[in-house]
């Protein structure tokens, strides 16, 4: 936390923006430094997200997750490839039908709500994610906005936690990038994020997914 | 209603867009014609607004109301001027302090929520509007989004009602404009809309405000 407090304003904003791609949120949280510990940072991050961030700011954060369009993308992300094994997806499934259905639901969700399906997918199978999107699709846009914002905050908190507990915490953001931090992998609307230090990478890709 | 049903698609969309400046909403409602009567039109308009319009679509409609910035604007709109007496505001107040406070609250509201204060001001005094904005300002953005959407729908319904019951209903939109329909007057975030037929104009500005 000391290092995070010591970052320049720009460095802090950049780190925060990687957790949650809403500029005003990142600026406000950076401005609230120094934090005593991770709890006070998390509480402030929540407060700013839920009470001080505009709806347009939430949509900005959702749009920060790139779309991945077709079944091929889903396959690549779920199964990984030899040449991009560090991107091997954590949600493993061999069920072609599940992936196809997920692709269809993601498309329908995006069409209805105007933003991708946001879910904190840590520890969830593709089948679970599919069942979640089926449950959420009939919601009104206003209800679903709150769900998506809640999932985005879970993702943000997981990224925050990973950042503070990883070796990367002892480094500046630019150093972290050089030492192999992997972030913001996205699977057609489901947000995967892995912050891996060099040590974690060496340890056979112990993935932290948010 | 027959005339509304008989409008070209473009004419219908233009009329609907004047009631509620959300393109996808106007398109969907226009596509749902013919309507049997005003109730079926209103029900469909509500259904599309609450269940099928994205949050970005709501924000688009809110942004359709131009901002009016300073105290001078408020005065002009509340009190009217000889040379633009047709714009004489319906909410009358002589209380400079109320107008100043309203201007300040409107600014604070816009800053917090990222969109203007939407209220269906029909029959409300400036003091009532001020008291409403004071109540709503502490809300979370998500709560306030629903409030603003509800007020927008009230405005839309009032415009719809005025349109269907006015002489203008027997005319095309372009004819209505020529015969002096006045619409979409805005007072620093409060939405005023008066659909006045030529007859109503002649009747000493009996204002219908939504």
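The values are calculated or read from the model by the stated rules, or taken from the named source; none is laboratory data. Note that the coordinates shown come from a computational prediction; the quantities given were computed from them, not determined experimentally. All Cβ positions, even for glycine, are placed from backbone atoms using ideal geometry, and neighbour counts span all protein chains on display.
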Some residue of the range B:120-127 being outside any helix (DSSP H, G or I) and touching a strand residue (DSSP E or B) at 6+ places or on another chain (Cβ under 6 Å): yes
Flag if residue B:111 is at pLDDT 90 or above and within 14 Å of chain A (Cβ to nearest Cβ): yes
Which listed residue is modelled with pLDDT under 85 and assigned to a helix (DSSP H, G or I), from B:160, B:207, B:201: B:201
Single residue of the range A:41-70 satisfying the filter (part of a loop (DSSP other than H, G, I, E, B) and at pLDDT 95 or above) that is nearest to the other protein chains (Cβ to nearest Cβ): A:54
Test: residue in the range B:132-149 that is over 18 Å from the mean Cα position of the chain (by Cα), part of a helix (DSSP H, G or I) and at pLDDT below 95: no
Scope the range B:126-142; condition within 10 Å of chain A (Cβ to nearest Cβ), over 13 Å from residue B:109 (Cα atoms) and surrounded by fewer than 17 Cβ atoms within 10 Å (Cβ to Cβ); matching residues: none
